[in-house]
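> Have a look at this one.
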Amino acid sequence: QIKLVESGGGLVMAGGSLRLSCAASDNIFKFNDMGWYRQAPGKRRELVATLNSADITNYADSVKGRFAISRDNARNTAYLQMNSLKPEDTAVYYCNSILWGTNFWGQGTQVTVSS
């Protein structure tokens, strides 16, 4: 069982930046495929960005060029740097980890972008 704890959410004005962090409890973090997802009120959870254990990234079209996913294996932590935030980025952001075919989720962190 892997526990994921997100932090870094909050309220920001449009055009601002936030950095989300996801701390994982496992000591084989370097093998985890990591991802960030988000869910806005009344909408389905959607993929934001992924970063696998080979450091290959994938981004939703809506965040390309604005968001960046990264990881620090020494700290067992993944990050999501969010720049040029828009009101439509408002959502609960969830950290995801896949290890040997098993999915793990964090509790989510709220990001609110005001116009």
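> If I take every Cα pair under 8 Å that is 6 or more residues apart in the range 10-96, average their sequence separation and divide by the length, what percent do I get for the relative contact order? Show your work: numbers first, answer last.
Details: 151 pairs, mean separation 35.2, N = 87.
For the range 10-96, the relative contact order is 41 percent.
> Further, regarding this structure: List the aspartates and glutamates whose Cα lies under 16 Å from the Cα of Lys86, skipping any in the same chain that are fewer than 8 positions away.
Straight-line reach from Lys86, under 16 Å: Asp61.
> Quick one: net charge of Leu99's neighbours, Cβ under 10 Å, K/R +1, D/E -1?
-2
> So for the range 31-113, taking the charge dipole from beta-carbon charges (+1 Lys/Arg, -1 Asp/Glu), which of Gly65, Ile98, Gly108 sits furthest toward the positive end?
Towards the positive end, the residue furthest out is Gly108.
> Here's something else I'd like to know. How many nm is it between the label spots at Ile56 and Ser84, if each spot is 7 Å from the Cα in line with the beta carbon?
It is 2.6 nm.
> State, to one decimal in nm, how far the label point of Lys43 lies from the label point of Arg19, with both points 7 Å from Cα in the Cβ direction.
About 2.5 nm separates the two model spin labels.
> Give me the accessible area of Arg19, 1.4 Å probe, in Å² rounded to the nearest 10.
Estimated to the nearest 10 Å², Arg19 gives 130 Å².
> Per residue, how much space in cubic angstrom lies within the convex hull of the C-alpha atoms of the chain?
Residue-normalised Cα hull volume stands at 94 Å³.
> Give me the dipole magnitude in Debye, nearest 20, for the chain about the Cα centre, with unit charges on the beta carbon: positive for Lys and Arg, negative for Asp and Glu.
120
> Follow-up question, since we're still on this one. Considering the zone a paramagnetic label at Asp72 would reach in this model (a point 7 Å from Cα along the Cα-to-Cβ line), which residues of the range 6-43 have amide N under 20 Å from it?
Only 6-10, 17-36 pass the distance filter.
> At 0.36 nm per residue, and after removing the present C-alpha to C-alpha distance, how many nm does the segment from Gln107 to Asp33 gain when stretched out fully?
24.9 nm
> In 10 Å bins starting at 0, how do the alpha-carbon pair distances of the range 1-52 split up by percent?
Answer for the range 1-52: a P(r) of 19, 46, 29, 6 percent.
The values are calculated or read from the model by the stated rules, or taken from the named source; none is laboratory data. Predicted, not measured: the structure shown is a model, and the values here were computed from it. Cβ coordinates were reconstructed from backbone atoms using ideal geometry, including for glycine residues, and neighbour counts include every protein chain displayed. Surface accessibility is based on the protein's heavy atoms, side chains included, excluding ligands, DNA and RNA. Shrake-Rupley method; radii C 1.70, N 1.55, O 1.52, S 1.80 Å.
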